[in-house]
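Below is one structure; the comments refer to it alone.
Please treat every number below as a calculation from the coordinates, not as lab data. Keep in mind that what you see is a predicted model, and the values were worked out from it rather than measured. Counting neighbours? That spans all protein chains shown, and the Cβs are built from the backbone with ideal geometry, glycine included.
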Amino acid sequence: MKKSMRTTLLQTTFFLGLLFTVYSCKKNTAPTPPAPPTPPGPVWDPNAMRGVWLTTTASTALDNNDNIQATVANCKRAGINTIFVVVYNNARTIYPSEVMQKLTGNRQLEKFAGRDPLKELITAAKAAGLKVHAWFEYGFSSSYSAQGGSIIAAKPKWAALDQNRALVVKNGFDWLNAFDPEVQQFLIDLFKEVASNYDIDGVQGDDRLPALPSTAGYDDYTVSEYKKENNNAFPTTNTKDPAWVTWRAKRLNAFMKRLYNEVKSIRSSIQVTMSPSPYPWSLEEYLQDWPTWVDSGWVDAVIPQCYRYDISAYNATLLQQKSYYKSTRIPLYPGVLVKSGTYLATAGYLGQMIQANRNAGFKGEVFFFYEGVKDALPWFEGQYPFIK
């Protein structure tokens, strides 16, 4: 009896052990749960420019180094790879400038005294893998609603004059005479100062460089130059006369060529880009002939300001610019308006504009301006990378 019970107990123990072994093997060989799907990566062209303009107007982004660090971080999150930072506007530079000190006695924008925001931004951006272009925002405009400001006060003969011999003012901006050799040299000196002293990736002019309202050109110097080339005839009082527009635009084209060559002589890798108004309005109103700059190879990229408030108008402007864009070896990137004053483009409209750019064959864009990108950061993080 005891032997039988012992046998039964051994059999039971063996059977339970066998069950445990089988169960353990089944448990250990169970299939591994599938890994979660990899999130889709950006579909944009990694070599295309995705830029943003950074200015001192309606922004505190440059006011201290903490703000600069936050600005660069936000740009990185938004997918921006190029920052166009203002270096010159309203007769001031953000950096300490010997050129401005000599001309006006104002070495730097007063609120930045003791700092160099340009150097701070370059340092932060480079650490984050972003490029920095120096943007000469005011160009041939000397001031805003200030009778020419400190530059005209220092050099009255530099003023652009209309046919009434009055200072040229357009949309509140006061203008220098962009045809005057001294004025041209002043702007070239500013560009060369930045290109020589800072580790920048590029320099940029916009709808104010090279540019001049077509109401200008009636100063003594310009009239004299015109008479030399036109049988001593005076310029017409019709400011939109095609021949008069063309004569003046060619003068600005010559400046564009010279500026390009002078910057490249400092360092050939520096990109020279321009962001003009849309053509042909740019030619008629501001003597800006950007198709000639592109066709002649005097720019490394052109960024027409396609600033419109609805997709129909945006598409029309975009395709109009494309129709004048012939030399495709020079990249064209549309300028996209995100914010101006109280206006902020909706997420839906941003998506429509970028889709329009891709449909038209443009692989990148530049956004105006940083504060709008910051306000629309969820769209930039969640949708911008995936539009193709």
**Request:** Return the label of the correct value of Kirkwood radius over Cα pairs in Å, as calculated from the structure shown, out of [x] 21.2; [y] 23.5; [z] 25.7.
**Result:** [y]
**Item:** Ellipticity estimate at 222 nm from DSSP helix runs (n ≥ 4, -39,500 (n - 2.57)) divided over the chain, nearest 500
**Value:** -13500 deg cm²/dmol
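Output the antiparallel fraction of DSSP beta bridges having both residues in the chain, as a percent to the nearest 5.
Values: 11 of 37 bridges.
Bridges in the chain that DSSP calls antiparallel: roughly 30 percent.
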**Request:** Check the straight Cα-Cα distances from Lys76 and name the lysines below 17 Å, setting aside those fewer than 8 residues away within the same chain.
**Result:** Lys126, Lys131, Lys374
**Request:** Treat the count of other C-beta atoms within 10 Å as a stand-in for reagent exposure and order Val43, Val132, Val169 from fewest to most.
**Result:** Val43, Val169, Val132
**Prompt:** Which aspartates and glutamates, on any chain, are close to Lys388 with Cα under 17 Å apart, when same-chain ones fewer than 8 places away are left out?
**Reply:** Asp45, Glu365
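Determine the alpha carbon to alpha carbon distance for each of Lys264/Lys322; Lys111/Lys257; Lys227/Lys326 and list only those over 32 Å. Don't jump to the answer; show the numbers that get you there.
Numbers: Lys264/Lys322 27 Å; Lys111/Lys257 35 Å; Lys227/Lys326 34 Å.
Lys111/Lys257; Lys227/Lys326, as the Cα separations exceed 32 Å there.
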**Prompt:** With each label point set 7 Å from Cα along the Cα-Cβ vector, what nm distance links Lys119 and Gln383?
**Reply:** 4.2
**Reachable aspartates and glutamates from Lys157, criterion Cα separation under 20 angstrom, eight or more residues apart if same chain** = Asp174, Asp180, Glu182, Asp189, Asp219, Asp220, Glu225
**region 121-244: radius of gyration and largest Cα-Cα distance (Dmax), Å** = 17.3, 59
**Fill in**
If one compares the long axis through the Cα atoms of helix 242-266 with the longest principal axis of the Cα atoms of the chain, the angle in degrees, nearest 10, works out at 60
**Request:** Bin width 5 Å, alpha-carbon pairs only: give the P(r) of region 93-189 as whole percents, running from 0 to the bin holding the largest distance.
**Result:** 2, 12, 19, 22, 17, 12, 8, 5, 2, 1, 0
**Request:** Provide the per-residue ³J(HN,Hα) series for region 334-339, in order, calculated from phi with Karplus coefficients 6.51, -1.76, 1.60 and θ = phi - 60°, each as a whole number of Hz, with x at glycine and proline positions.
**Result:** x, x, 10, 7, 9, 8
**Complete:** So the angle from the long Cα axis of helix 117-127 to the longest Cα principal axis of the chain, reported in degrees to the nearest 10, equals 30
**Prompt:** Zone of Leu319 (label point 7 Å along Cα→Cβ, backbone N under 12 Å): which residues in region 350-366?
**Reply:** 360
